[in-house]
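Here the structure comes first, spelled out in structure tokens, and everything after it is commentary.
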Amino acid sequence: MNFNTDWFYIVMTIVAFGVLWLIVKGVERFER
Amino acid sequence: MSSAAAGWLQFGLLVAALAACYVPLGNYMAHIFTTDKDWKIERFLYRLMGIDRRADHKWSTYVKSILAFSLVSVLFLYLLQRIQDHLMLSEGMTNVPPDTAWNTADSFVTNTNWQNYAGESTLGYVVQMSGLAVQQFMSAAVGLVVAIAMIRGFIRAKTDRLGNFYVDTTRAVIRLLIPLSIVGGLVLIASGAIQNFHPYETYTTLSGAHQTIPGGPVGSMEAIKDMGNNGGGWFNTNSAHPFEDPTPFTTVFEIFLLLLIPFATPRAFGKMVKDNKQGYALVAVMVIIWMLAVGGISFFEAHYGLGGATAAHLAHGATEGVETRFGTPACSLFAASTTVTSTGAVNCFHDSLTPFGGGIALFDIALGEIAPGGIGAGMYGILVLAIVTVFVAGLMVGRTPEYLGKKIRPVEMKYAALYFLTLPVVILTAAGLSIGTHQGQAAIFNPGPHGLTEVVYAFASMANNNGSAFAGLGSAAMWYQTVGGFVMLFGRFAPEIFALGLAGALARQQPVPASAGTISTKSPLFVGMVIAVVLVLVGLTYFPALALGPIAEGLH
């Protein structure tokens with residue numbers, strides 16, 4: 001299977017920023 | 001003049017120039033982020049973007065703005081590279097492959113500028129200018145405003161507000177980075193850096209071979225490449241290329257540019273907290289570590305010939321990979337300065353440094369870019385380290401530690417610990433996976449300790465947003481492109497999340513007055529303690545990798 005495609009890297013981008021977003025949400029919950 | 005004498009002269013001039021700029025530039029930076037007055041162009045941009053410039057955001061909103069802005073930036077830069085052959089001034093370049101485009105987009109948005117491509121043979125003028133150079137301004141501004149928001153955490157009380165990301169970023173770009181880049185660019189162009197939109201020209205050499213001479217608006221990009229601690233060169237050979245770095249003067253000027261803002265930021269910090277001596281203490285930490293790095297690399301590069309290496313002895317230094325126009329001293333000064341900042345530009349090749357010289361470059365990067373570090377990133381990094389230091393000192397005397405009137409409680413230390421654990425986890429996990437998997441091993445061309453150094457250096461460079469490389473690793477393989485993209489994104493933004501969370505926790509506190517038991521954070525003792533904490537933390541974290549890599553290679 002060829003992973004070197006636009007869709008693969010667009011999904012990777014969303015995954016990376018999604019995880020970072022979840023870290024922010026987690027820290028906000030930790031603060032409360 | 002001997003090469004060594006020229007090296008000392010360059011170093012002296014550099015120190016004098018940086019010292020002369022410390023107060024005026026630092027004061028100006030503090031003014032930029034504390035004044036209430038907007039420039040006309042800023043008001044126009046706020047209206048255009050629909051920004052309420054009076055809005056003051058809590059830390060989580062600030063960091064979400066950074067993430068949203070960076071997400072859009074990555075996708076836009078990726079798209080620009082993928083449609084390159086439809087753009088004007090593409091100079092015949094085809095679309096960049098998806099893995100390289102993604103790695104490059106992550107790289108420039110995170111201020112890393114790790115390059116798995118040769119600029120002059122991969123990217124046309126439009127992508128270099130409207131894609132990469134734009135991000136060299138924006139990513140530098142993002143780093144700087146995180147530091148400013150963190151400083152506000154110290155000077156504000158009983159609030160959860162740290163400022164407005166969009167206002168701060170606009171001011172950083174318009175009032176600081178663009179004016180300095182214009183001046184820096186003009187100096188470089190006047191000194192011989194090329195600046196044109198000529199199509200590439202092909203000539204026949206005396207031996208009958210054909211040689212293509214690239215062009216481009218190089219001088220203007222060169223200024224922000226260095227001053228924004230970006231490091232991504234127009235050409236594959238970066239600042240070893242005569243079109244980017246034409247003379248010994250420009251090589252020193254480029255070193256000056258890459259150190260200018262990071263060394264002036266502690267002055268802005270001192271000005272904003274209304275105690276300039278606090279800034280002097282932190283800049284002293286930075287200067288001492290920087291000088292140790294310069295001295296260490298210079299020593300090992302100059303004395304490699306002693307003890308048996310005949311070629312290096314005859315050449316008065318380890319000259320493989322060194323640009324002969326600049327010599328070993330300028331190479332060492334550049335290598336130390338580019339690795340203690342998060343710049344990553346090079347005027348000689350780090351893979352050719354002696355094992356111990358290269359080991360110091362790797363150690364510089366592993367420090368977490370705090371001496372003086374990347375633009376903004378160095379400031380918030382050293383502030384977290386200062387907090388760790390007062391915590392350690394507080395444990396020794398049995399008091400709740402304070403820094404600038406803010407108590408360092410368990411919640412602040414949790415943020416500081418998360419900040420410092422992030423990078424080693426990211427770097428060592430990625431390096432371990434690369435060494436332990438077939439995909440990673442397939443691109444390691446040098447066996448033994450040097451191969452290990454190349455892999456660890458690559459991920460340390462990417463995670464710390466440095467961008468310089470040991471050349472012997474096949475990092476253009478899809479494994480390194482993809483894993484590297486993640487490493488750059490998490491290495492950049494996860495520490496920023498924890499730094500801003502820490503700033504938010506500090507801002508919510510009511511300051512406490514200093515008492516007889518408060519540790520002075522502007523004394524030489526504190527400077528020494530911060531340096532010790534830095535060296536112990538980094539030494540303990542990376543010693544196994546350093547021992548198996550550069551130290552083993554050097555001793556062998």
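Structure values in brief
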| item | result |
| --- | --- |
| Matching residues in chain A - criterion: being over 14 Å from the mean Cα position of the chain (by Cα) and among the aliphatic types (A, V, I, L, M) | A:1, A:27 |
| Residue satisfying condition, being surrounded by 20 or more Cβ atoms within 10 Å (Cβ to Cβ), under 25 Å from residue B:468 (Cβ atoms) and modelled with pLDDT of 95 or more, within set B:119, B:143 | B:143 |
| Enumerated helices (runs of 4 or more DSSP H) restricted to the stretch B:97-184, each holding at least 3 residues that are small (Gly, Ala, Ser) and within 25 Å of residue B:460 (Cα to Cα) | B:98-109, B:134-155 |
| Residue list for the stretch B:507-555, restricted to those being more than 30 Å from residue B:162 (Cα to Cα) and surrounded by 15 or more Cβ atoms within 10 Å (Cβ to Cβ) | B:541, B:542, B:545, B:546, B:548, B:549, B:550, B:551, B:552, B:553, B:554 |
| Neighbours by Cβ (under 6 Å, 6+ apart or cross-chain): first from the stretch B:73-84, more than 11 Å from every other protein chain (Cβ to nearest Cβ) and within 14 Å of residue B:96 (Cα to Cα); second assigned to a helix (DSSP H, G or I) and not hydrophobic (A, V, I, L, M, F, W, C) | B:80/B:131 |
| Failed item, numbered, when residue B:206 is tested on (1) in contact with a Ser or Thr (Cβ under 8 Å, 6 or more places away or on another chain); (2) modelled with pLDDT under 95 | (1) |
| In the stretch B:456-491, the residues that are modelled with pLDDT of 95 or more and of a type in the set (Val, Ile, Thr) | B:482, B:483, B:487 |
| Given (1) hydrophobic (A, V, I, L, M, F, W, C); (2) over 27 Å from the mean Cα position of the chain (by Cα); (3) not in a loop (DSSP other than H, G, I, E, B), index of the condition residue B:75 fails | (2) |
| Residue list for the stretch B:366-417, restricted to those being out of contact with any strand residue (DSSP E or B) (no Cβ under 8 Å at 6 or more places or on another chain) and among the hydroxyl-bearing types (Ser, Thr, Tyr) | B:380, B:389, B:403, B:415 |
| Total residues in the stretch B:480-509, condition in contact with a strand residue (DSSP E or B) (Cβ under 9 Å, 6 or more places away or on another chain), more than 9 Å from every other protein chain (Cβ to nearest Cβ) and not hydrophobic (A, V, I, L, M, F, W, C) | 2 |
| Members of the stretch B:468-480 found to be of a type outside the set (A, V, I, L, M) and either surrounded by 24 or more Cβ atoms within 10 Å (Cβ to Cβ) or not in a helix (DSSP H, G or I) (or both), listed by number | B:468, B:470, B:472, B:474, B:475, B:480 |
| Residue within the stretch B:46-53 that is within 14 Å of chain A (Cβ to nearest Cβ), touching a residue at least 40 places away in the same chain (Cβ under 8 Å) and of a type in the set (Ser, Thr, Tyr) present | no |
| Residues (farther than 16 Å from residue B:423 by Cα and assigned to a helix (DSSP H, G or I)) located in the stretch B:351-386 | B:351, B:352, B:355, B:356, B:357, B:358, B:359, B:360, B:361, B:379, B:383, B:386 |
| Top-ranked residue of the stretch A:4-32 - restricted to ones that are part of a loop (DSSP other than H, G, I, E, B) and facing chain B (nearest Cβ under 7 Å), ranked as surrounded by the most Cβ atoms within 10 Å (Cβ to Cβ) | A:4 |
| Breaking point among (1) touching a residue at least 60 places away in the same chain (Cβ under 8 Å); (2) away from chain A (no Cβ under 14 Å); (3) not small (Gly, Ala, Ser), for residue B:62 | (2) |
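The rows are residues; the columns are (1) surrounded by 24 or more Cβ atoms within 10 Å (Cβ to Cβ); (2) not hydrophobic (A, V, I, L, M, F, W, C).
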{"site": "B:161", "(1), (2)": "no, yes"}
{"site": "B:178", "(1), (2)": "no, no"}
{"site": "B:203", "(1), (2)": "no, yes"}
{"site": "B:207", "(1), (2)": "no, yes"}
{"site": "B:213", "(1), (2)": "no, no"}
{"site": "B:227", "(1), (2)": "yes, no"}
{"site": "B:247", "(1), (2)": "no, yes"}
{"site": "B:258", "(1), (2)": "yes, no"}
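To keep it simple, each residue is scored yes or no on (1) of a type outside the set (Val, Ile, Thr); (2) in contact (Cβ under 8 Å) with a residue 24 or more places away in the chain; (3) under 30 Å from residue B:68 (Cα atoms).
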position: B:487; (1), (2), (3): no, yes, yes
position: B:502; (1), (2), (3): yes, yes, yes
position: B:516; (1), (2), (3): yes, no, no
position: B:530; (1), (2), (3): no, yes, no
position: B:537; (1), (2), (3): yes, yes, no
position: B:542; (1), (2), (3): yes, yes, no
position: B:551; (1), (2), (3): no, yes, no
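The values are calculated or read from the model by the stated rules, or taken from the named source; none is laboratory data. Predicted model only: the values in this text are computed from it and were never measured. Cβ sites come from the backbone with ideal geometry, for glycine too, and all protein chains shown count toward neighbours.
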